[in-house]
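Before any comments, here is the structure.
The values are calculated or read from the model by the stated rules, or taken from the named source; none is laboratory data. Treat the numbers as computed from the prediction; the structure is a model and nothing was measured. Using ideal geometry, Cβ is built from the backbone for each residue, glycine included, and neighbour counts are taken over all protein chains shown.
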Amino acid sequence: MPSKLFMVWSRKLHRWGTVLIALPLLVVIVSGLLLQFKKEAAWIQPPTVNGVGGPPSIPFEVILTAARSVPEAEVEGWGDVDRLDVRPSKGVVKVRGTAGVEVQVDTATGEVLQVARRRSDLIESIHDGSWFHEKAKLWVFLPAGGILLVMWLTGIYLWLLPYLVRRKRGAARG
């Protein structure tokens, strides 16, 4: 049978752990729920538009010129481009600017197919804590995850405890 001290500490750890991780856990839960819908909600992540198709046949400079032609993308040069996401099977390259706007360019013609704000990257940075501060990811959200793991373990233990006690009592009687 577990010691009384262990049971008391499990409950205290469970109670105070909840207080410590309440806010970071709320942020992770809400942002995680939003991320579950990123492919279904164009507000979070714009859908991929199909281009002509086939392997990319335009040079990088044509892609940059297409992105520059969209004022809200705020792309003046490669320094304003966060990343390129090439989808050869769809015939499109997604140019993600540092301003949070995604420009989808046809990989065969260089035509701008779609322009939309991409919020999924912002939500992902909120989800992992890096949006708040560079060190929040390791100094707030990582410990909160560790405490949550310990709370899960103690919660399972506290849930199983009555069953274990009943089993032990039944074995002692029989």
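For region 7-51, a residue qualifies if it is of a type in the set (Phe, Trp, Tyr) and within 26 Å of Leu142 (Cβ to Cβ), and the qualifying residues are Trp9, Trp16, Phe37.
Tallying residues that are assigned to a helix (DSSP H, G or I) and either in contact with a strand residue (DSSP E or B) (Cβ under 6 Å, 6 or more places away or on another chain) or aromatic (Phe, Trp, Tyr) (or both) within region 123-174 yields 6. Taking the criterion of being touching a residue at least 40 places away in the same chain (Cβ under 8 Å) and crowded, with 16+ Cβ neighbours inside 10 Å, the residues of region 121-154 that qualify are Ile123, Glu124, Ile126, His127, Gly129, Val140, Phe141, Ala144, Ile147, Leu148, Met151, Thr154.
In this structure, is Tyr163 surrounded by 14 or more Cβ atoms within 10 Å (Cβ to Cβ) and either over 18 Å from the mean Cα position of the chain (by Cα) or not assigned by TED's automatic domain parsing to the domain that holds Leu84 (or both)? Spelling it out, it is not the case that Tyr163 is surrounded by 14 or more Cβ atoms within 10 Å (Cβ to Cβ) and either over 18 Å from the mean Cα position of the chain (by Cα) or not assigned by TED's automatic domain parsing to the domain that holds Leu84 (or both).
Within region 120-134, which residues are among the charged types (D, E, K, R), closer than 19 Å to Val81 by Cα and at pLDDT below 90? Scanning region 120-134 gives a single hit, Asp121. Within region 17-37, residues that are within 16 Å of Gly146 (Cβ to Cβ) sit with their Cβ atoms under 9 Å from residues that are in a helix (DSSP H, G or I) and of a type in the set (S, T, N, Q), at 6+ positions apart or across chains, in these pairs: Gly17/Thr154; Leu25/Thr18.
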